[in-house]
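Q: Dumping the structure here so I can ask a few things about it.
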Amino acid sequence: MKRSSLTTRLAQAAGLASMLLLAACGKHETPAPTAPSAASSMAPTATVAIATSAPAPASSAKPEATPARTGTSAVNTPAPATSAVLPFRFGKLTLGDAVNADHEITHAVDHFAADDKTLYASVATVGRSTGATLNAKWRYLEGRGQLVSSISQSVATDGPAITTFKVQNPDLWPEGKYKVEISIDGKPVASQDFRIGKR
């Protein structure tokens, strides 16, 4: 009889501990932005928007990584305690020429005009991360795979998130074929070819 009482108490203590841990999951610390290296007149940046709903589809370098909403991530309430914690992983890559206030692509394209000043790559991820590093490498394929820019962003999230990378060119983009390559913690997870030229 003492053994079942002890088992009951241990189960109650474990339940209380798990509820305290789940309550602490709502706490978010904004990671410090990191600046990548790049060597052209394009200015790459990255932003992160975190949400609990499903992710939306989506030059000389002056690299900077800017978190969403002036220095903080856009964060909604955490997922219900009954859902299982998923490992952090890639969801979807979307290219476009416009984003909304939540940094989601609003006009998806794979063919940009040479005079488009800003190109966006939106990366949807799912799962929990305490600081995974997302990286976007933009390459000009006509120039033998010449690196246009590379920018990284640390992502800390308890659920689905959108990280948007952008490159800017105050001049005309060279026409031709390009590619953006996405990696998580140095491991390639997606790439997409696109063109710049007459639409």
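Q: Look at the range 157-190 and say how many of its residues are assigned to a strand (DSSP E or B), within 21 Å of His107 (Cβ to Cβ) and among the polar types (S, T, N, Q).
A: Residues in the range 157-190 being assigned to a strand (DSSP E or B), within 21 Å of His107 (Cβ to Cβ) and among the polar types (S, T, N, Q): 3 in total.
Q: Looking at the range 86-130 only, could you name the residues that are among the polar types (S, T, N, Q) and over 10 Å from the mean Cα position of the chain (by Cα)? Don't jump to the end; show me each part of the working.
A: The initial filter retains those residues of the range 86-130 that are among the polar types (S, T, N, Q), namely 94, 100, 106, 118, 122, 125, 129-130.
Once the filter is applied, which keeps residues that are among the polar types (S, T, N, Q) and over 10 Å from the mean Cα position of the chain (by Cα), the range 86-130 yields Thr94, Asn100, Thr106, Thr118, Ser129, Thr130.
Q: Just one of the numbered conditions (1) modelled with pLDDT of 95 or more; (2) in contact with a Pro (Cβ under 7 Å, 6 or more places away or on another chain) is not true of Lys179; which one?
A: Every condition holds for Lys179 apart from (2).
Q: Mind checking which residues of the range 142-156 are not in a strand (DSSP E or B) and not charged (D, E, K, R)?
A: Applying the first criterion (not in a strand (DSSP E or B)) to the range 142-156 yields 142-145.
Selection gives Gly143, Gly145.
Q: Considering only the range 152-178, how many residues are of a type outside the set (S, T, N, Q), closer than 15 Å to Thr118 by Cα and touching a Phe, Trp or Tyr at 6+ places or on another chain (Cβ under 8 Å)? Can you show your working first?
A: Here is the first cut: in the range 152-178, the residues of a type outside the set (S, T, N, Q) are 155-156, 158-162, 165-167, 170-178.
Then keep just the ones that are closer than 15 Å to Thr118 by Cα; that gives 165-167, 170-175, 178.
Subset that is touching a Phe, Trp or Tyr at 6+ places or on another chain (Cβ under 8 Å): 165-167, 173-174, 178.
The number of residues fulfilling the criteria is 6.
Q: Restricting the first residue to the range 76-92 and requiring it to be closer than 14 Å to Ser129 by Cβ and modelled with pLDDT of 75 or more, which pairs with a second residue that is polar (S, T, N, Q) and in a strand (DSSP E or B) meet a Cβ separation below 8 Å and a spacing of at least six or different chains?
A: Phe88/Thr125; Phe88/Ser129; Phe88/Thr157; Arg89/Thr125; Phe90/Thr125; Gly91/Thr125
Q: From the set of residues in the range 131-145 that are at pLDDT 95 or above and more than 11 Å from the chain's Cα centre (by Cα), which is surrounded by the fewest Cβ atoms within 10 Å (Cβ to Cβ)?
A: Within the range 131-145, the first condition is being at pLDDT 95 or above, and the residues that meet it are 132-141.
Restricting the remaining residues to those that are more than 11 Å from the chain's Cα centre (by Cα) gives 137-141.
Numbers: Lys137: 23, Trp138: 25, Arg139: 20, Tyr140: 18, Leu141: 14.
Going through the qualifying residues, I end up with Leu141.
The values are calculated or read from the model by the stated rules, or taken from the named source; none is laboratory data. Remember, it's a predicted structure, so these values are computed and weren't measured experimentally. Note that we place each Cβ from the backbone using ideal geometry, even for glycine, and neighbour counts take in every protein chain shown.
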